[in-house]
Amino acid sequence: MVTRKPTSEKDRLILALRGRGVYDEICQRSWVEINLAAIAYNVEQIKSLLSPQTTLMAVVKADAYGHGAVSVAKTVSLAGAGAFAVATTPEGIELREAGIKQPILVLGAAYTPDEVKAISHWQLQPTLCTPQQALLFSETLSQVHSTLEVHLNIDTGMSRLGTSWQQAVEFVQLVQRLPNLKIAGIYSHFATADSSDQTLMRQQHQRFQDVIKKIGVDPQKCLTQATARRPCLHISNSAATLTDSALHYDLVRVGLAIYGLYPAPHLASTIDLKPAMQVKAKVTQIKTIEAGTGVSYGYRYVAEKTTRIAVIGIGYADGIPRNLSNKMKVLVRGQLLPQVGAITMDQLMIDVTSMPDLQVGEVVTILGKQGENTIYAEDWAANLDTISWEILCGFKHRLPRLNF
């Protein structure tokens, strides 16, 4: 192995600190902890809902919702996931380079010959959404003398990617005739599976059933018919997977639930899930301010009395939404303490008046459990009128991921 010689004072300092075993510690002003054991546990819980014939496809797009795609993929593979879904071709390539052998479905649409060739080279399974895209894939694959397994996306009401259910049968028949393409799967995606009102979900499901009946597959017998003789059928995301086993088909595409979060409160009693992500940071300075003193940009907080303020080394550049300013709490020594003032790019401030002995360097839990209290991604999402998916995906890679 070739070791690069230090070329700058910074390099020499880093190497010296690493040699003394302190570099990683001092460079972690804030970080994300990923409990891989919790992820494995969640997979086991999800699989308990599935029949032996239904495959769990783990959705690991967006770097596994911020949890680390490669480490999560390896963990869920050992726990029983039989396939993976990503959003982009580079995400699929990353998994292949890491040694993942299972089928990898690319959910996004590819429209260039170079990307088609890359998908073929890495043996990914692309999503075909339109006849034009199917023709491009067939022509490009003919040039490189390759055959590719593909999945067809049928739009049953999401109004996103996919051919509409009204033209779906013709689309399937076209792809069946094209050379160099083999239909490995046909799928759709629910728009409202997380709603307690299942009316729209049932409508989409009926449309999906109508399509697969017209192509000669009995949806009531699909799990007893070998998939080698027909396309694999799938429509369930996390919410649908937790809602109704009749929606499971040949595989379910589960993302959020793998990471320990429920798609909606009414699904929380279905199975036990453990959140896998915690976000932590350290106290970098403590000061006392007098009554009438403003804190941070714009003085959105002004102390009403003598107040002890701790500065924490994490901010909106790390993924803490600035709109949580003066609205969030953090955990210190297991106690909930209020954040005060505008959250800044690299730091935020908390009121630690109740902890006169707090010291610089102590760990603050921004998201997760400490003592008997827990701060959930859902708490932030409700406060911001958004969804927990966005919260998880928001933590930047300036924050090291520590797996355990």
Would you check if there is a residue in segment 88-96 being closer than 20 Å to Val175 by Cβ and assigned by the TED database to the domain that holds Cys232? yes
What number of residues within segment 349-389 satisfy the criterion of being within 19 Å of Gly66 (Cα to Cα) and not aliphatic (A, V, I, L, M)? 10
Just one of (1) farther than 14 Å from Leu174 by Cα; (2) open to solvent by less than 10 Å² (accessible area, probe 1.4 Å); (3) not hydrophobic (A, V, I, L, M, F, W, C) trips up Glu115, so point out which. (2)
With the structure loaded, tell me whether Gln28 is more than 29 Å from Asp114 (Cβ to Cβ) and either surrounded by 19 or more Cβ atoms within 10 Å (Cβ to Cβ) or not hydrophobic (A, V, I, L, M, F, W, C) (or both) or whether it fails that test. yes
Members of segment 299-333 found to be over 18 Å from Val364 (Cα atoms) and of a type in the set (Phe, Trp, Tyr), listed by number: Tyr299, Tyr301
It is to be established whether one or more residues within segment 206-229 are in a loop (DSSP other than H, G, I, E, B), surrounded by fewer than 18 Cβ atoms within 10 Å (Cβ to Cβ), of a type in the set (Val, Ile, Thr) and outside the structural domain of Met158 (by the TED database). no
In segment 166-183, the residues that are surrounded by fewer than 17 Cβ atoms within 10 Å (Cβ to Cβ) and under 30 Å from the mean Cα position of the chain (by Cα): Lys182
Count of residues meeting criterion [in contact with a helix residue (DSSP H, G or I) (Cβ under 8 Å, 6 or more places away or on another chain), charged (D, E, K, R) and within 22 Å of Val311 (Cα to Cα)] in segment 341-398: 3
I need the full set of residues from segment 245-277 which are open to solvent by 50 Å² or more (accessible area, probe 1.4 Å), over 17 Å from His205 (Cβ atoms) and in contact with a Leu (Cβ under 9 Å, 6 or more places away or on another chain), in order please. Thr270, Pro275
For Leu161, the lone unmet condition from (1) closer than 29 Å to Pro263 by Cβ; (2) modelled with pLDDT under 95 is (2)
If you scan segment 36-62, which residues turn out to be in a helix (DSSP H, G or I) and open to solvent by 30 Å² or more (accessible area, probe 1.4 Å)? Leu36, Ala37, Tyr41, Glu44, Gln45, Lys47, Lys61, Ala62
So which residues in segment 289-300 are open to solvent by less than 70 Å² (accessible area, probe 1.4 Å) and more than 15 Å from Thr353 (Cα to Cα)? Gly292, Gly294, Ser296
What residue, among those in segment 192-205 that are open to solvent by 50 Å² or more (accessible area, probe 1.4 Å) and part of a loop (DSSP other than H, G, I, E, B), is nearest to Ala246 (Cα to Cα)? Gln198
May I ask you to list pairs of residues, at least six apart or on different chains, whose Cβ atoms are under 7 Å apart, with the first in segment 53-78 being assigned by the TED database to the domain that holds Ala246 and the second being aromatic (Phe, Trp, Tyr) and open to solvent by 40 Å² or more (accessible area, probe 1.4 Å)? Tyr65/Trp389
Give segment 348-404 a look and list any residue that's open to solvent by less than 70 Å² (accessible area, probe 1.4 Å) and either of a type in the set (Asp, Glu) or more than 26 Å from the chain's Cα centre (by Cα) (or both), or say none. Met349, Ile350, Asp351, Val352, Thr353, Met355, Leu358, Gly361, Glu362, Gly371, Glu378
What's the number of the condition Glu91 fails, among (1) over 14 Å from Tyr187 (Cα atoms); (2) surrounded by fewer than 17 Cβ atoms within 10 Å (Cβ to Cβ); (3) under 25 Å from the mean Cα position of the chain (by Cα)? (2)
Considering only residues that are within 23 Å of the chain's Cα centre (by Cα), over 13 Å from Ser188 (Cβ atoms) and exposed (fewer than 15 other Cβ atoms within 10 Å of the Cβ), which ones fall in segment 121-165? Gln123
Would you check if Thr386 is free of Cβ contacts under 8 Å to residues at least 24 places away in the same chain, of a type in the set (S, T, N, Q) and out of contact with any strand residue (DSSP E or B) (no Cβ under 9 Å at 6 or more places or on another chain)? yes
Residues of segment 324-334 being of a type outside the set (A, V, I, L, M, F, W, C) and under 10 Å from Thr374 (Cα atoms), which ones? Gly334
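The values are calculated or read from the model by the stated rules, or taken from the named source; none is laboratory data. Just so you know, these numbers come straight off a predicted model, no measurement behind them. Note that each Cβ is placed from the backbone with ideal geometry, even for glycine, and that neighbours are counted across all protein chains shown. Ligands, DNA and RNA are excluded from the accessible area calculation, which covers all protein heavy atoms including side chains. Shrake-Rupley method; radii C 1.70, N 1.55, O 1.52, S 1.80 Å.
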